Amino acid sequence: MSTETTTVSTNPSLPRFDSDELQTLPGKIRELFEFRYLLKNLVIRDLKVRYKNSFLGVVWSLLHPLLMMMVYTILFTILIPNEGVEKYPIFILVALIPWQFHTGTLNNSVQSITGNAAIIKKVYFPRILLPTATMLSNLVNFLLAAVVLLVMLYAYGVGLTIHALWVPLILLTQMVFLLGLALIVATLQTFYRDTAMILEVGLLAWFFLTPIFYPFERFSREAQLWGLTFDAPRLMRWVNPMASIVDGYRTVLWGTVGGDGPASMDPLALLRTFVTAVLVFIIGYTVFSRTEHLFGEKL
């Protein structure tokens with residue numbers, strides 16, 4: 001979220017919630033529903049601030065993945081040939097767009113509480129709306145970039161197949177995972193202001209540990225570390241949910257190395273990733289909800 005102070009309107013017609021009611025799950029869900037208008041305003045505000053005084057504006061959301069695709073394509077098809085990967089621009093683009101959704105959400109969410117101190121101190125509202133709005137505004141950018149991907153899919157003769165029906169489920173899994181992480185980093189930044197700097201380094205390392213510019217098939221199935229032998233692709237899928245998510249998008253929209261185009265998603269693999277995403281969300285929500293009463297004094 002932007003650090004710029006912006007007035008957020010309140011709705012006096014909203015019902016009051018007593019403290020006992022808000023301690024229950026139905027009470028919290030009802031409160032979030034009643035404040036849905038504020039969530040919409042926060043998303044719109046975030047998008048307006050992001051493109052304020054920008055010459056290209058929303059067009060940048062379309063150009064950015066294309067420019068990054070061109071850089072990686074030149075690097076890995078001309079300078080460092082990546083043999084065996086057909087239609088490399090699609091291969092890289094179908095992974096870059098979800099990754100940019102990931103990094104954009106986390107980089108913005110880490111400041112979603114500290115950057116809105118003025119609003120938090122003036123008006124009561126569910127604080128969870130701030131990182132949620134950040135994730136949803138980045139979702140808008142993701143959907144805009146997906147238009148570019150769709151055009152490129154048809155330009156390269158891949159198009160959409162029946163397997164593309166997996167995309168909404170993969171996207172839902174990513175959103176649940178991202179929201180959980182957003183709640184965690186927003187909370188940590190409120191108490192420890194160096195979280196943003198650590199996150200920047202962590203995302204860079206995470207990028208190289210996720211199959212963005214290389215396929216999973218290039219991983220050795222008998223890798224060794226400290227004398228231990230392990231299946232690298234399987235371990236990567238277990239310990240890195242983003243690797244599974246990115247590989248899911250790539251499988252259903254581009255295919256696999258050596259395949260004949262888009263293929264079906266493994267339902268059990270997606271279920272495992274979704275369960276992991278839900279666990280991360282539960283952890284994030286628990287950490288956030290149990291500490292949000294301290295946000296005011298920390299700000």
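A few notes on this one:
- Between W226 and A196, the C-beta separation translates, for a Förster distance of 51 Å, into a calculated FRET efficiency of about 0.95.
- Here's the picture: a label point sits 7 Å out from the Cα of V167 along the beta-carbon direction, and within region 88-111 the residues with their amide nitrogen under 13 Å of it are 94-95, 97-98.
- Peptides 252-258, 64-70 ranked from most to least packed, by the mean per-residue count of other Cβ atoms within 10 Å: 252-258, 64-70.
- Computed E for Y124/L75 - FRET, C-beta separation, R0 51 angstrom, nearest 0.05: 0.50
- Estimated from the Cβ-Cβ distance and a Förster radius of 22 angstrom, the FRET efficiency linking L279 and L235 is about 0.75.
- Reference-scaled alpha-carbon Rg (2.2 N^0.38 Å with N residues) for region 19-298: 1.07
- Once C-alpha pairs closer than 8 Å and six or more residues apart are averaged by separation and normalised to the residue number of region 235-299, the relative contact order reads 22 percent.
- Euclidean distance of C-alpha centroids, region 116-161 and region 239-299, integer Å: 16 Å
- Judged by the mean number of other Cβ atoms found within 10 Å, the most tightly packed of the peptides 99-108, 127-136, 270-279, 201-210 leads the ranking 127-136, 99-108, 270-279, 201-210.
- The relative contact order of region 126-230 comes to 24 percent, based on Cα pairs under 8 Å that sit 6 or more residues apart.
Throughout, read-outs are computed from the coordinates displayed, never taken from laboratory work. Predicted model only: the values in this text are computed from it and were never measured. Every residue, glycine as well, gets a Cβ built from its backbone with ideal geometry; the counts of neighbours run over all protein chains shown.
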